[in-house]
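The values are calculated or read from the model by the stated rules, or taken from the named source; none is laboratory data. What you see is a predicted model, and the numbers here were worked out from it, not measured in a lab. Cβ placement follows ideal geometry from the backbone for every residue including glycine, while neighbour counts extend to all protein chains displayed.
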Amino acid sequence: MSEARFRTLRWRVSARRHPSAFLLVAQLLSLAIYPLFDDMAAGRVVFGAIGVLVLALAVWVVNRSPAFNWIAWALAGPAFVLSMLAVALDNETLLVVSSALEAALYFYAAGSLIAYMMSDHRVTTDELYAAGATFTLLAWGFAYAFLVCQAWYPDSFTGAVEPERPRKWLELLFLSFTNLSAVGLGDVIPLGAAARVLVMFEQFAGVGYVAVVVSRLIGLTMLRHGSR
């Protein structure tokens, strides 16, 4: 067997064993790419392309979990089409609808990964990757929910820089990460009632995720190493 073929087979085996790792890596790499295009006119095109990749990976991860795959496809398909149309036509309405569908897909994928991690009493390597991927899915899901909220209720969010303008995607994603992780950095602030309710829901989700899912994985990992 040639070395190239061996590497290909090893790559396929890794992909089948650790699908959550690919989703986690894609999410983290996108974080590194976003700042390069945030202030450019072509930024929305880049964000759309990255979103398509993450959508596909999210559906793939759902397929490996106990969840219903057809629900993920029912959300991902329209989200993909509307996202591309929103970029091509520069249409804010289509962008808001696609963002709502993407938020629903990310929440569904996060729920499916949580069900996957809670389905047995042993901790695999892929479940550890799934723990990180679930956190990013929740962060992205709430960021898209913030984007929809901002479109439906203008002036929902303000910030330290140019407080009168709507917040950019990266700013809302930053708010989502700081809120979900309970860091509490306050340079992006929810002002409207709907925005504050969403922020409170995310705080509840973040605390619950750490208290139930992460603590369970840590406990099972310690038990496994203790039994050895």
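Summary of values
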| item | result |
| --- | --- |
| Flag for ASP155 being acidic (Asp, Glu), farther than 23 Å from ILE33 by Cβ, surrounded by fewer than 21 Cβ atoms within 10 Å (Cβ to Cβ) and in contact with a Gly (Cβ under 8 Å, 6 or more places away or on another chain) | yes |
| Test: residue in segment 200-218 that is over 30 Å from PRO166 (Cβ atoms), of a type in the set (Gly, Ala, Ser) and either at pLDDT 85 or above or surrounded by fewer than 14 Cβ atoms within 10 Å (Cβ to Cβ) (or both) | yes |
| Those residues of segment 175-186 which are out of contact with any Lys or Arg (no Cβ under 9 Å at 6 or more places or on another chain), surrounded by 17 or more Cβ atoms within 10 Å (Cβ to Cβ) and among the hydrophobic types (A, V, I, L, M, F, W, C), in sequence order | PHE177, LEU180 |
| Residue check, THR178 at pLDDT 90 or above, over 21 Å from the mean Cα position of the chain (by Cα) and β-branched (Val, Ile, Thr) | no |
| Verdict on ALA193 being closer than 18 Å to PHE107 by Cβ and among the small types (Gly, Ala, Ser) | no |
| Count of residues meeting criterion [at pLDDT 85 or above and acidic (Asp, Glu)] in segment 103-160 | 1 |
| Members of segment 94-135 found to be of a type in the set (Ser, Thr, Tyr), free of Cβ contacts under 8 Å to residues at least 24 places away in the same chain and in a helix (DSSP H, G or I), listed by number | SER98 |
